[in-house]
Every structure is written in structure tokens, then in C-alpha cells.
Amino acid sequence: YFLDKSEKYDSRDVERLQQDDKWVENYLIWRHDVVDDTLKMIDESFQWRKEYTVNDLSEAVLPKWLFEIGALFLHGYDKEGYKLFWFKVKHHTRDPKQQLDKKKLVAFWLEHYAKRDHGKPLTVVFDMAETGISHIDLDFVRFIVNCFTDYYPNFLTKIVIFEMPWIMNAAFKIVKGWLGPDAISMLKFTNKSDVQEYISGEYLPPHMGGTDSFKYSYPPLVDDDFQTPLCENGPITSEDEHESKEEIDADTKEAGELNEAQNLNQKKMNSIEQISKSEETDKTEVKPKNAKKALTTFKGPLLHISPAEELYFGSKETGEKKCLIVLTNVTKNVVAFKVRTTAPEKYRVKPSNSSCEPGTSLDIIVSLHGGFAASLQDRFLIMAAEMDQSSGAGVPELTQFWKEVPRTKVMEHRLRCHVIESSKPSSLTLKDNTFNIPAKTNEDLHVQLTHLLQINKRLEEQMNRCLWFQQLSVVLSLLSVTVAAFCFYLAYAQRS
């Protein structure tokens with residue numbers, strides 16, 4: 001394929017295919033490990049990616065009105081924890097002149113999410129409330145279907161269709177013909193009474209029977225993990241913004257003793273080691289080598305961020321309420337940064353809006369406020385941008401800087417929350433092997449879990465078919481016995 005069609009591929013896609021095992025694995029999973037089918041899918045998707053310039057899609061190359069109408073966006077999660085990709089069908093009307101831009105918008109969102117969350121699967125929601133014949137666009141629907149069946153491997157968990165009008169039944173019979181047997185099993189037709197089988201009420205709008213008050217808005221571009229809403233910092237209190245390091249260190253020592261007694265997991269211990277090490281350095285600056293203590297480090301163009309993916313908090317039983325984020329400036333200029341969270345009522349971030357000098361590191365303390373507990377759905381966003389040498393680093397200067405800096409020059413990185421549910425001692429094997437055997441990443445585990453869920457779904461369907469045939473066989477057997485008995489009865493009656 002590469003020798004014959006190399007000019008039809010984007011070299012960045014080819015390079016990624018050679019380096020990203022997970023991407024290859026997703027293609028194989030989606031094509032049931034049939035290598036020829038997998039190669040054909042890669043060939044088709046790569047040609048499509050180059051045709052639609054997927055790697056270069058951005059807000060700047062798409063009409064602004066497409067983002068403003070709110071027909072497509074990412075928001076919330078289903079009951080299995082998969083991100084929801086919303087299609088508000090009532091905002092879509094057929095127009096051949098706009099078709100290409102609308103298709104590119106779909107590709108933009110899918111690529112945007114794939115890069116942010118490493119290609120984790122999505123649940124598609126077609127909200128067809130208040131729609132009619134004027135909203136039917138089979139060409140556009142076919143494009144969306146092709147995105148998931150041909151271009152983005154193993155990217156679809158299910159398609160939830162809400163309140164499809166009866167007039168569209170004929171159209172969706174055609175759509176089923178495009179999907180194939182695997183994708184057809186993912187179709188879930190719902191209404192207000194049963195949609196919560198798949199999506200809980202907290203992520204459903206009121207017209208779908210839910211309690212989610214979220215309303216899409218633009219600008220700025222509503223981000224995939226930060227729509228619920230995105231805020232600057234935790235609640236404002238009378239406490240000093242620059243909390244003394246002695247108080248943090250005291251909490252650290254107590255947590256360290258608890259870890260020795262209870263053998264809590266590796267990542268939590270790592271965070272505590274980082275905080276206790278900071279005693280030996282300045283209140284706001286630590287040597288870059290200390291950042292290496294984190295289990296993983298995100299190496300961005302402006303900042304290196306430790307940890308790379310998750311902040312570990314304790315449950316009410318474990319009681320751990322503070323985490324450390326270490327930022328290291330790897331540029332030759334001052335880097336301004338600010339931290340946002342999806343749960344501003346829960347967290348205090350210190351500092352949440354400041355700057356980092358060239359070549360230095362800085363600690364950010366994230367703490368739970370009051371009696372709140374961390375949640376797996378909570379997210380943090382770290383935004384960073386280079387400042388001119390002449391710019392000041394005070395609050396007014398930073399405020400003005402963030403108003404003027406172009407979005408294209410802002411580096412963004414996301415962190416999730418992880419909750420340690422139990423205070424029971426963790427496995428000694430894990431502790432002993434902390435620095436010898438690398439743990440599986442969340443992405444690896446997610447791929448395995450997704451694979452297991454798919455296998456489980458197929459087994460469940462097979463079992464259901466077997467049970468149906470078994471019940472049918474029992475009914476037929478009983479019917480045969482009844483007929484035979486009746487025949488014997490008639491024969492006996494005639495002889496008598």
C-alpha cells in the first residue's frame with residue numbers, strides 16, 4: 001500500500017502508524033484481527049485524512065457560524081464512562097454549499113477529541129427532538145457513519161437515537177444498510193422513558209428527562225472535558241492566598257506516616273515524596289530534578305508537567321486532600337500559566353494564575369475545600385503561554401496578557417482526578433516493583449477493558465440467541481407431545 005500510494009497519504013499519519021502501537025491495535029480490533037481487512041481500512045482512512053486535511057483542521061479554517069449554532073459538541077458521559085458526542089439534529093438543514101464545511105466540522109471534533117483523550121471511544125447521541133422531514137440529510141448521516149466504521153477505528157461504543165420521528169423510519173432503514181452487523185448492534189432507539197438506561201439524568205437536558213442545565217455557547221470553543229463549567233479557581237475564602245509551606249509540610253509528614261503504616265499505592269506515595277522534598281528548596285521554586293520523582297511527566301513545548309495524567313486524592317476514609325503539580329519552564333522566556341477546574345466549588349489551587357521564570361520549577365498545591373470529596377469526573381486544565389521579556393508578571397499584567405494572547409500560542413494540558421477508595425494496605429508486590437517494572441498505562445488498560453467489553457457483548461448476544469432457540473425448542477417439543485397425545489387419544493376413541 002505504501003509503495004503504490006505514498007503520495008496519497010499524509011506523511012504524519014504514516015509516521016504515527018509506525019510509532020503508535022495503540023492506533024494499530026485499534027484498527028485490528030475493529031477489523032477482528034483480519035490483517036487484509038485492517039490494511040484496507042488503514043488505506044481508506046489515510047486517503048480520507050489527507051483529502052480532508054484532518055491533521056491541519058482548526059477553528060481558523062472553519063466558518064465561525066458552524067461553531068455558533070451548536071449542532072455538534074462534546075459534553076458529559078454515559079453510564080459506562082464514555083464521552084458523549086452530541087448531534088442536535090434540529091439545528092441541521094440540508095445545503096449542498098455548506099456540506100463540505102459541515103463534514104470537516106465532524107472531522108475536527110473527532111480529531112480534537114482523539115488527540116486530547118488518546119482515542120478513547122465515544123458514545124454518539126442523535127437528539128432528534130423537534131425534527132422533521134426538512135432535517136433529513138442522508139448524505140451527511142452516511143458521512144458520520146463512515147467516520148466511525150471506516151476512518152476512526154474502534155472509536156464507537158453505541159449510537160443513542162432519541163425520539164426519532166416516525167417519518168424518518170424509512171430513512172433509517174437505509175442507514176442500517178450502511179452500518180454492518182457490528183455497528184447495527186450499537187444502535188439504541190430511545191425516548192424520554194428509557195434513555196436513562198444508557199445516560200444518567202445528570203448529563204441529560206430537561207427535554208430528555210434529565211437535570212443537566214448545560215447550554216452550548218461560543219466563543220470560546222467549548223472544550224471536550226471542560227463544559228460543566230470551566231472556572232478559574234476554587235471558592236474565594238478569607239485564608240491567605242500564599243498558604244505557609246510549613247502547614248503543607250506538616251500534612252505531608254502525617255500522610256507519609258500513614259503511607260508507611262498502610263502501604264498505599266505507588267502514585268500517591270510519589271506525590272507525597274515530592275511535597276516533602278520541597279522543604280529543602282524555596283517556597284515557589286524547586287530544582288528540575290525533583291520533578292523526576294513523579295511517576296510520569298508530560299513534556300510540553302513550554303512546560304514539563306508532573307504528574308502527566310492524574311491527581312490522586314483520598315476518599316473520606318483515606319483522608320488525603322492535597323496534591324502537588326510541578327511545573328518546569330523549559331523555555332528561555334517567562335511562561336505565564338493558569339489552572340482551571342470543572343469543579344470550582346470543590347478545589348483551591350495555589351497559585352492558580354502566575355508565571356514561571358526560565359529554567360525554574362514551581363509547585364502548585366491543589367487542595368479539596370471544606371467537606372468535599374474528589375470525583376472521577378473532575379478535571380483540571382493547565383494553560384501556558386510565553387511572555388515577552390518586557391512584560392511584567394503582576395496581576396494586572398497577567399490579566400491583560402491572557403486577554404490579548406492568541407489561542408494558537410497557548411499550550412493546554414489536562415489532568416484527571418483519581419480517588420483512592422480504600423485505606424487497606426495495597427499489594428507489597430506493587431510497592432517492591434515500583435522502580436523496576438513499569439505499570440501499565442491507563443491507555444493500555446482502557447484498550448484491554450474495551451476489548452473485554454466487546455467480547456462480553458458478543459457472548460451476551462450469543463447467549464440470548466441460544467436462550468431464544470432453547471425456549472423455541474421447548475415450545476415446539478411441548479406442542480409435538482400435545483399433538484401426538486391428541487392423535488393417540490383420537491385413535492383410541494375410534495377403536496372404542
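The values are calculated or read from the model by the stated rules, or taken from the named source; none is laboratory data. Treat the numbers as computed from the prediction; the structure is a model and nothing was measured. Backbone-built Cβ (ideal geometry, glycine too); neighbour counts: all protein chains shown. We work out accessible area using only protein heavy atoms, side chains counted, and drop any ligands, DNA or RNA first. Shrake-Rupley method; radii C 1.70, N 1.55, O 1.52, S 1.80 Å.
Descriptive notes on the structure:
- Scanning the stretch 190-201 for residues that are touching a residue at least 24 places away in the same chain (Cβ under 8 Å) and surrounded by 14 or more Cβ atoms within 10 Å (Cβ to Cβ) turns up T190, K192, V195, Y198, I199, S200.
- L66, sole failed condition from (1) within 20 Å of the chain's Cα centre (by Cα); (2) closer than 30 Å to S200 by Cα: (1)
- Residue, nearest to G132 (Cα to Cα), within the stretch 79-92, restricted to residues that are assigned to a loop (DSSP other than H, G, I, E, B) and of a type outside the set (S, T, Y): H92
- Of everything listed in (1) open to solvent by 20 Å² or more (accessible area, probe 1.4 Å); (2) at pLDDT below 85; (3) part of a loop (DSSP other than H, G, I, E, B); (4) touching a strand residue (DSSP E or B) at 6+ places or on another chain (Cβ under 9 Å), the single unmet condition for G370 is (4).
- Of the criteria (1) open to solvent by less than 10 Å² (accessible area, probe 1.4 Å); (2) out of contact with any helix residue (DSSP H, G or I) (no Cβ under 6 Å at 6 or more places or on another chain); (3) farther than 19 Å from W65 by Cα, which one K115 fails: (1)
- Meets criteria (surrounded by 19 or more Cβ atoms within 10 Å (Cβ to Cβ), outside the structural domain of H413 (by the TED database) and within 14 Å of M186 (Cβ to Cβ)) for F162: no
- Residue count for the stretch 26-60, restricted to those that are assigned to a helix (DSSP H, G or I) and either aromatic (F, W, Y) or open to solvent by 80 Å² or more (accessible area, probe 1.4 Å) (or both): 11
- G76 being assigned to a loop (DSSP other than H, G, I, E, B) and touching a residue at least 24 places away in the same chain (Cβ under 8 Å): no
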